[in-house]
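Novice: Please find one structure pasted underneath; my questions will follow.
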């Protein structure tokens, strides 16, 4: 995918996932649509409000969830919220540094999109309030939106802070890999998707290299 290019669409029985690349940092934004009600939720209004609003379309938007406080993940948030009237959600520990937050989230909370539900998973390290969102598809594998906490090839950037790396690695291991099956498909904040099964054999390597 390239910024401004066509969205990559995945159709699940109850939920449609549209992945778009936006902005100069090639951020991923994910539009989730409940196939029963048509309700829509956007993960990370990262950049290029016009592109995101075109993706949202006439069905409108109920919710925006921001995965963490770094500006490249919320550059278009104010414009999208103003245009759609959507509520804006983020973890309480990152909310003060995000321009528009109408309600805050905690670990274990549930965010609805129509008849579907997303579980909030707090992953401390990349930022204090980073989160992942988990959709447990009743008809198949789980789907996990990891922000900048997990990528193909490693956990997110800990900016040279050993304590932040240790926290992030621990949370990703215990809250994601230890809880979810290998066929869990995950969608990061930048770049390509992967599965937990593909990445699981490399956890030891990640721990040993420290990034």
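The values are calculated or read from the model by the stated rules, or taken from the named source; none is laboratory data. What you see is a predicted model; the values in this text were computed from it and never measured. We place every Cβ from the backbone using ideal geometry, glycine too, and count neighbours over all the protein chains shown.
Novice: Out of 178, 171, 148, I need the residue that is surrounded by fewer than 18 Cβ atoms within 10 Å (Cβ to Cβ) and modelled with pLDDT of 95 or more. Which one?
Specialist: Checking each option against the conditions leaves just 178.
Novice: Continuing with the same structure: Touching a strand residue (DSSP E or B) at 6+ places or on another chain (Cβ under 9 Å) and more than 23 Å from residue 193 (Cα to Cα), is that true of residue 61?
Specialist: Judged against the criteria, residue 61 is a match.
Novice: If you don't mind, another one. Only one residue in 161, 107 is surrounded by fewer than 18 Cβ atoms within 10 Å (Cβ to Cβ) and in contact with a strand residue (DSSP E or B) (Cβ under 8 Å, 6 or more places away or on another chain), so which one is that?
Specialist: None of the others qualify; the one that does is 107.
Novice: Further question on the same structure: Find the residue count for the stretch 78-88, including only residues that are in contact (Cβ under 8 Å) with a residue 24 or more places away in the chain, touching a helix residue (DSSP H, G or I) at 6+ places or on another chain (Cβ under 9 Å) and either surrounded by fewer than 21 Cβ atoms within 10 Å (Cβ to Cβ) or not in a loop (DSSP other than H, G, I, E, B) (or both).
Specialist: Total satisfying the criteria: 6.
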